[in-house]
Amino acid sequence: MARGHRGPDGGAWELPPLVDHHCHGVVREDLDDDAFASYLTESDAPAAPGTSFFDTQLGFAVRRWCPPLLDLEPHCPPGAYTARRRELGAHEAGRRLLGADGIGEYLVDTGPTADLTGPGELAAAGGARAHEVVRLERLAERAADAAGSAGGFLAALEGAVERAAGTAVGFKSVAAYRYGLDLEPGPPAASEVRAAAGRWLAARDSGDRVADPVLLRHLLWSAARTGLPLQLHTGFGDPDLRLDRCDPLLLTGFVRAVRPTGCRLVLLHGYPYHRHAAYLAHAYPHVYADVGLSVNHTGARAAEVLAEALELAPFGKLLFSTDAYGLPELYVTGAALFREALVRLLEEWTGGGAWSREDAARVAALVCAGNARRVYGLGG
Amino acid sequence: MARGHRGPDGGAWELPPLVDHHCHGVVREDLDDDAFASYLTESDAPAAPGTSFFDTQLGFAVRRWCPPLLDLEPHCPPGAYTARRRELGAHEAGRRLLGADGIGEYLVDTGPTADLTGPGELAAAGGARAHEVVRLERLAERAADAAGSAGGFLAALEGAVERAAGTAVGFKSVAAYRYGLDLEPGPPAASEVRAAAGRWLAARDSGDRVADPVLLRHLLWSAARTGLPLQLHTGFGDPDLRLDRCDPLLLTGFVRAVRPTGCRLVLLHGYPYHRHAAYLAHAYPHVYADVGLSVNHTGARAAEVLAEALELAPFGKLLFSTDAYGLPELYVTGAALFREALVRLLEEWTGGGAWSREDAARVAALVCAGNARRVYGLGG
Amino acid sequence: MARGHRGPDGGAWELPPLVDHHCHGVVREDLDDDAFASYLTESDAPAAPGTSFFDTQLGFAVRRWCPPLLDLEPHCPPGAYTARRRELGAHEAGRRLLGADGIGEYLVDTGPTADLTGPGELAAAGGARAHEVVRLERLAERAADAAGSAGGFLAALEGAVERAAGTAVGFKSVAAYRYGLDLEPGPPAASEVRAAAGRWLAARDSGDRVADPVLLRHLLWSAARTGLPLQLHTGFGDPDLRLDRCDPLLLTGFVRAVRPTGCRLVLLHGYPYHRHAAYLAHAYPHVYADVGLSVNHTGARAAEVLAEALELAPFGKLLFSTDAYGLPELYVTGAALFREALVRLLEEWTGGGAWSREDAARVAALVCAGNARRVYGLGG
């Protein structure tokens, strides 16, 4: 298991191994330059003529932190890096990168249909522990692929949620991508759910995704009843979503409606609405937040984004994640940028006397690991 | 009356005694630890398991600034602070805290139904002057408690607004909490108001709050016609409100409609939409803004929030307030954080040559006191 | 042509002459104090009693950068500056100011009806090159002034767009001001356009502006089909617009619908939604952004606003503009504030090792000039 960090990015601060409470697996095969670059953006298209996805905060962060782990100089040219990566092979490069990310525990959203490494493989490569987070929409799509009727589908889904609750540490919803967060707040009536399921199955080709708002709400409420934490994508992501329909405040009605169930909600990413997510974590006892994906994509600006989240979010409510997907590099950058951002804030706030060093160290341990351990019941 | 500040938080800058243009009274009795902590948050529930409301920017700010005033070390443990506070007693602790807040004048919103100190008591404890700001919804609720008919209620309300205009320095609206700011902009017709009043009185139990949008608009327009400044809650607050319905830009129609009356609007708090409030203060001559409540709750980040407001807000349009409620500590922190934030910005902007020191001192005097004196006609 | 900058504001960085991809002309006559001040704000009214438009970030920026160019001390009193300006005369003052702005190329929106200098006159005064950007709504209004029928109007408009595409480097839309950005995304049907044109012409007095959403969409799609870049006002501006209807995310549907045409969209200003504009530039290959007007109006805070845009915007997608209008001073401040902001970020990000100096210099050249040259095909 990864050791704590003290050094170039941790400075004088002893930070515990990180718990990455939301990430995905990595690709196993070697990648050509264009395929590699496509993982550096949320865009779904080639870069505009005359531009490169390496010319982004994330591209610069990868070139800063990763080349030394593959025996190259920081900020070496992109082509030199990707060539060296292929020379070593994806497996060896992944082993080196994941072994150095300082993450002690991965909570892996196994929802993507792409062929990525699962929790076990990720844990082995990273010398860490791993747990599964189950994506609700994927459960529904698998149940639909096998179902003969609406009733059969709903029964199979119920069983799948129940089984997942026995092995996973949490659920994840991508309703933001499939519809938006402007959903009706309450649980749909059973008759509505059955009708929506019938319509969906009748129109569906195998592999089609669930996007019906009634079914998406049914999934949220099915998860809420299990007592496991429920992660919700909020804020920016790829062009499948409409960003203005992913403002976490659109969830306010759901937040209120689900409160009596005791279900804890973890709002992911949030950017550029991360102050809104932090407000919800402030105002409602069962709401938590992270800045996940934003850390990697804002790079040199990650400290500012983290600071904005730490304005209203109680310090016991903010979690760390990388949202890394596909490239082992994104664990390295997500973790390094987060540690560096956190340390910068600790230095600033203790330097001016606003925080005591003792409190600062305690808060750092909470956001790096303690909050996630408490929310997901990880022990350790 | 409090003296100006020059020292640890004022640095080389001579700041005038602050005019706190929006605050509330304080509780008179001793508080146990949980009751004390409940004033550190906008949440309406106990802290989530394993977390504490002291672990927030505001909690850390209280522990920084207040213990020395009660003979303790900064950042002493929360329990030590609350114990010492009870040892001294609420009265003595309040006297020490309010006497050191550097606020020379309090404009007290007397709207809360809780048993808090009024303007006179606050002024005496703080060695300062105090004025009343009358909350419109409270006037309506008191009139309703005594009224026998819609007509009687509306006449009583009209009289109450008129009397208040003779003694208060401004009005305050919490329409944001009761309905949201997405109100129809114009004044409701008399027949609409009478019908809404009738419906409300018929359904009402004594003590029920006014939440009907027609009545809320009637209150706004009743205040606008008096010529006194009208304060409007905007932005975050407790979970009674839906944050996305408190964006000050939702008031744009009202801002335009009320402009010919000459009524000056003061947009309170605004966070996380404080840049929106600053825009309205920039674009419309009769609009003013503060960052009030945000200063206390963002603590170590208050300078950034203030800086964001000072992007578009003309320097003659931004006011200071603490929005302190219940705890005398919140005057101390609200004032100290504001002075520190302001001085940090003055140092930065004069240090780089962007502002002259003479201009900076003049702007500081405006936002600390001068703007409020002009808007509320305080003299002095 | 202006030389690159290396010195007080460029520091150790050699920045190329700027390409100002969105600006307007300047007034030719001398201005009294009130008229001068009216150009320092987006407000349409005199300053509130007791306040001055000079007491703003832009006012302070003008007083910092411009007096030395007219032989005065930085931060001299406003009245001394305006008096000296009149003493020199508008022509000589303009020559001095524009000659020192460090802008090598102006792309001039010739849409305002006010009597401002055109591209040629601006280029001559500034010792620079200039190109025209044609405002769509102005084309429509000119065509309407001359038209006898809806059919004649639409044919004239089509011809005008075609002719403009032969000489201009881009089009500009102010649909944000005339209606808002919450337009239907697709092109309106020909029958809809004809009906809307008929209604508008029938109701129209000469000089009336186009505000019909169907006609505004027709203009956007007419421009999109020419293959020239299309600039769209987004974010704050004068009180003609409703800011919450100018969030660039409201364009998401149009962005998607227009994508197959290959039309490049350049989102102007964006503030306070500039992170939203940057997201669109990140997610969609044909979208570009600037922070234009925001740089002048946020003054000492321009580095922060620029940094926020550089979180998600790919570095090949962000452009420079002043949006200067009326006063030659606004070119000086827009350019100086931008260079200073950019250099501050380069210093910070290279100083911490996040960016290499080589990359930083390359990115600086892109945002100062290279991106605009590529997007508008300027050569050079």
Take the rotation relating chain A to chain B, measure from its axis to every Cβ in chain A, and name the nearest residue with the distance in whole Å.
A:GLU304, 5
Provide the net charge surrounding C:ASP44, with neighbours chosen by a C-beta distance below 10 Å and charges set as Lys +1, Arg +1, Asp -1, Glu -1.
-3
Rounded to the nearest 10 Å², the accessible area of C:HIS75 using a 1.4 Å probe with every protein chain kept is 30 Å²
Could you tally the net charge around B:TYR288, taking each other residue with its Cβ under 14 Å from the Cβ of B:TYR288, Lys/Arg +1 and Asp/Glu -1?
+4
Per-residue average of Cβ from other chains inside 10 Å of A:295-301
5
One finds, for B:THR113 and C:GLU184 with R0 = 51 angstrom and r their Cβ-Cβ distance, a FRET efficiency to the nearest 0.05 of 0.60
Residue-normalised accessible area of the range B:3-376, given per residue in Å² at a 1.4 Å probe:
32 Å²
I need the shape label for the protein assembly as shown. Rule: rounded when a/c is under 1.5, else prolate if a/b > b/c, else oblate, with a, b, c from the alpha carbon gyration tensor.
rounded
Along the positive direction of the dipole of chain C (beta-carbon charges: Lys, Arg +1; Asp, Glu -1; about the Cα centre), which of C:ALA37, C:TYR284, C:LEU312 reaches farthest?
C:TYR284
Could you give the size of the charge dipole of the range B:1-160 about its Cα centre, using +1 on the Cβ of each K and R and -1 on the Cβ of each D and E, expressed in debye and rounded to the nearest 20?
460 debye
Of the options A:LEU72, A:THR82, A:LEU15, report the single residue whose Cα projects farthest towards the positive end of the charge dipole of the range A:7-106 (beta-carbon charges: Lys, Arg +1; Asp, Glu -1).
A:LEU72
I want to verify a result. In a Gaussian network model of chain C, Cα cutoff 10 Å, which of these has the top mean-square fluctuation: C:ASP244, C:ASP323, C:ASP115?
C:ASP115
Accessible area lost on pairing B with A, both sides, 1.4 Å probe, Å² to nearest 100?
3000 Å²
Under a Cβ-only charge scheme (Lys and Arg +1, Asp and Glu -1), can you give me the dipole magnitude of chain A about the Cα centre, in debye to the nearest 20?
1160 debye
Compare each residue of the range B:73-90 in its chain alone against the assembly with all protein chains, and report those whose accessible area goes down by 20 Å² or more; 1.4 Å probe, heavy atoms.
B:HIS75
Rounded if a/c is under 1.5, else prolate if a/b is larger than b/c, else oblate: which is the range B:3-376, with a ≥ b ≥ c the root eigenvalues of its Cα gyration tensor?
oblate
Among the DSSP beta bridges whose two residues both lie in the protein assembly as shown, what percent are antiparallel, rounded to the nearest 5?
5 percent
Are there any helices in chain C, counted as whole DSSP H runs, that stretch 30 Å or more along their axis by Cα and score at least -1.0 on average by Kyte-Doolittle, and if so which?
C:329-351
Residues of C:235-243, mean number of Cβ from any other protein chain within 10 Å of their own Cβ, rounded to a whole number?
4
If you stretched the chain out fully between A:ARG256 and A:ASP240, how much longer would it get, using 0.36 nm times the residue separation minus the C-alpha to C-alpha distance?
3.0 nm
For the range A:3-376, share of DSSP beta bridges that run antiparallel, in % to the nearest 5:
5 percent
Listed residue (A:ALA47, A:PHE254, A:ALA364) projecting farthest to the positive dipole end of the range A:3-376, Cβ model:
A:PHE254
Number of partner chain Cβ atoms within 10 Å, mean per residue of A:59-71:
2
How much FRET efficiency would the formula 1/(1 + (r/R0)^6) give for B:LEU88 and B:ALA155, where r is the Cβ-Cβ distance and R0 is 51 Å, rounded to 0.05?
0.60
Under a Gaussian network model of chain B whose springs join Cα atoms within less than 10 Å, the largest fluctuation of B:PRO314, B:PRO328, B:PRO46 belongs to B:PRO46
Loop-exposed GluC sites (Glu not before Pro) per DSSP, neighbour cap 14 Cβ within 10 angstrom, longest uninterrupted part of chain C
C:30-380
Size of charge dipole - the protein assembly as shown - debye, nearest 20, with Cβ of Lys, Arg +1 and Asp, Glu -1, no other charges:
700 debye
For chain C, which whole-number percentage of the solvent-accessible area (1.4 Å probe, protein heavy atoms only) is attributable to carbon and sulfur atoms?
52 percent
Of C:TRP13, C:TRP221, C:TRP355, the one that fluctuates the most in a GNM where chain C has Cα springs shorter than 10 Å
C:TRP355
Given labels modelled 7 Å from the Cα in the Cβ direction, how far is it in nm from A:GLU358 to B:GLU192?
5.9 nm
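The values are calculated or read from the model by the stated rules, or taken from the named source; none is laboratory data. Quick caveat: nothing in here was measured; it's all calculated off a predicted structure. All Cβ positions, even for glycine, are placed from backbone atoms using ideal geometry, and neighbour counts span all protein chains on display. Note: areas computed on protein heavy atoms with side chains; ligands, DNA, RNA excluded. Shrake-Rupley method; radii C 1.70, N 1.55, O 1.52, S 1.80 Å.
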